[in-house]
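Okay, structure first, notes after.
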Amino acid sequence: MLLSYHGWMFEPHGKRSLKTKVWAGCMTVMARRQPMLYSFQMSLPRLPVPRLEDTIDRYLQSVESLLDEEKFSRMKELSEDFQKNLGCKLQKYLHLKSWWATNYVSDWWEEYIYLRGRGPIMVNSNYYAMDFITVNPTTIQAARAGNAIHAMLMYRRKLERGLIPPVMALGIVPMCSYQMERMFNTTRIPGVETDHLQHLVESRHVCVYHKGRYYRLCLYDDRTLLSPRQLQTQIQCILDDPSPPQPGEEKLAALTAGERVPWARARAQFFTNGVNRVSLSSIERGVFFVCLDTEEGGYQESDKNSLSVYSKSLLHGNCYNRWFDKSFTLVVYKNGRLGLNAEHSWADAPVVGHLWEVLSDFMTGYFIKVA
């Protein structure tokens, strides 16, 4: 009942009614204990189905400024016809689905907004997260990468055990945590008509890209997670490796940057058997993807364009040095700067923002010891 109250969303900032103050006090008392990640999931209210009339009114308000008078008049006629005929039938189906689904729109949104899109997901769908702007704990690329990978795996361990507290709006309102389940071990698999998400229960390696070459980096010694120093040593071996890429290896990730149908057909034709299948499986079944860039990144006070260059590098790189289908790609620059490129269908940006925020707190002051 407490979580069903939404009046606080519509009150002016800094001005709370007595009802909202009483509600906030009750919520504070209820959330005072230390909740686990999914503690509130069964208590979250179902997403309500809006009235058909309200939906149509909001739609007309949103398109009124985009259409001239004649087109808007035509749109009103179509809306009225939809409301009287097909809309009523669809509204009944929507109510029926809302009885058994906690969120009647999430699966449709995931499929029709993201997975059925046949255009490139690079730039159009994927997004990025930046490192600290003015703070750089170390300039040693291997050290920063080793620490970041280790910190993310520690985060994954807590995530799997539900030890991470749920994200709370206003510090007292729990948000849904289901999107966080697919943060790791997840890949978007291309299809001719629609893509699908492959999520693994367990993964014990990451795929690393450097100078056009792909490496499978194991993260555990038996059941023990490698330390940051051990990961740094492994990554330094990759950085020092002078071997050239194999034919066709360097620009393989460009397939994930382009149209989805050609990528799906190429995958079915060339990656269903032999070494290609094994290699692609190593990439797609990794915890996440790591790019060790050969150029420096980050913001430079002396260069006004450096922030734009940094953003574009994280958003699309050179179009073949990011695996855009992975849940996220960790980018580590030559000067130790970090960034993320995230695929959008498995979760919205706040989920990755929570990962980045927690890691920033966890890793600050932690790099210096390793470097």
Positive dipole terminus of the range 52-104, leading residue within Leu52, Leu94, Ser62 (C-beta point charges): Leu94
Approximate spin-label separation Lys19-Tyr93, in nm, with each point projected 7 Å along Cα-to-Cβ: 3.6
GNM flexibility winner over the chain from Ser243, Ser203, Ser39 (Cα, springs under 10 Å): Ser243
Loop-exposed trypsin sites (Lys or Arg not before Pro) per DSSP, neighbour cap 11 Cβ within 10 angstrom, longest uninterrupted part of the chain: 52-222
Met75/Ala349 FRET efficiency (R0 22 Å; Cβ-Cβ; nearest 0.05): 0.10
Fluctuation leader among Thr55, Thr139, Thr186 - the chain, Gaussian network, Cα springs under 10 angstrom: Thr55
Summed residue charge, Cβ within 13 Å of His196's Cβ, Lys/Arg positive, Asp/Glu negative: -3
Potential extension, Phe10-Lys312 segment - 0.36 nm per residue separation minus Cα distance: 105.1 nm
Difference of contour (0.36 nm per residue) and Cα-Cα distance, Phe270 to Asp107: 55.6 nm
Mean Cα-pair separation over length for the chain, i.e. relative contact order, pairs under 8 Å, 6 or more apart, %: 24
Estimated FRET transfer efficiency when R0 is 41 angstrom, pair Glu301-Leu3 (beta carbons, to 0.05): 0.35
Acute angle (nearest 10 degrees) that the helix 69-84 long axis makes with the longest principal axis of the chain, alpha-carbon atoms: 80
Cα centroid separation, the range 1-30 to the range 90-157 (Å): 30
Paramagnetic reach from Met168 in the range 1-21 [backbone N under 15 Å; point 7 Å along Cα→Cβ]: 3
Size of charge dipole - the chain - debye, nearest 20, with Cβ of Lys, Arg +1 and Asp, Glu -1, no other charges: 1020
Estimated 222 nm signal from helices in the chain, with DSSP H stretches of n ≥ 4 weighted -39500 (n - 2.57), rounded to 500: -12500 deg cm²/dmol
Cross-link pairs beyond the 23 Å C-alpha cut-off, checked among Lys19/Lys97; Lys251/Lys326; Lys304/Lys334; Lys211/Lys312: Lys19/Lys97
Nearby aspartates and glutamates by direct alpha-carbon distance to Lys76 (threshold 13 angstrom, same-chain neighbours under 8 apart not counted): Glu53, Asp57, Glu64, Asp68
Average Cα contact separation per residue, the range 1-160, under 8 Å, 6 or more apart, as relative contact order %: 21
Antiparallel DSSP beta bridges within the chain, percent to nearest 5: 75
Total formal charge among the other residues, if their Cβ is under 11 angstrom from that of Arg322, Lys/Arg +1 and Asp/Glu -1: -2
Loop-located GluC sites (Glu not before Pro) in the range 270-349, at most 14 other Cβ atoms within 10 Å (DSSP): Glu295, Glu301
Residue among Ile133, Val358, Ile172 farthest towards the positive dipole end of the chain, charges placed on Cβ: Ile172
Shape call, the range 127-370: gyration tensor on alpha carbons, a/c limit 1.5: rounded
Neighbour cut-off at most 13 other Cβ (10 Å), DSSP loop, GluC sites (Glu not before Pro), the range 129-230: Glu193, Glu202
Degrees between helix 18-30 axis and first principal axis of the chain (Cα, 0 to 90, nearest 10): 40
Mean Cα-pair separation over length for the range 173-292, i.e. relative contact order, pairs under 8 Å, 6 or more apart, %: 38
Label point 7 Å beyond Cα of Lys334 along Cβ direction - residues of the range 126-141 with amide nitrogen under 17 Å: 139-141
Top of Gln179, Gln61, Gln300 by mean-square fluctuation, Gaussian network on the chain, Cα under 10 Å: Gln61
Fully extended contour minus Cα-Cα distance, from Glu259 to Glu53, at 0.36 nm per residue: 70.4 nm
Loop chymotrypsin sites (Phe, Trp or Tyr not before Pro), the range 1-71, which have at most 14 other Cβ atoms in a 10 Å radius of their Cβ (DSSP): none
FRET efficiency, 1/(1 + (r/R0)^6) with R0 22 Å, evaluated for Ser281 and Lys251 via beta carbons: 0.65
Top positive-direction residue, dipole computed over the range 127-370 with Cβ charges, set Ser306, Gln230, Val192: Gln230
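Every read-out reported here was derived from the displayed coordinates using simple, explicitly stated rules and does not represent laboratory data. All values derive from a computational prediction rather than experimental measurement. Cβ: placed from backbone, ideal geometry, glycine included. Neighbour counts: every protein chain shown.
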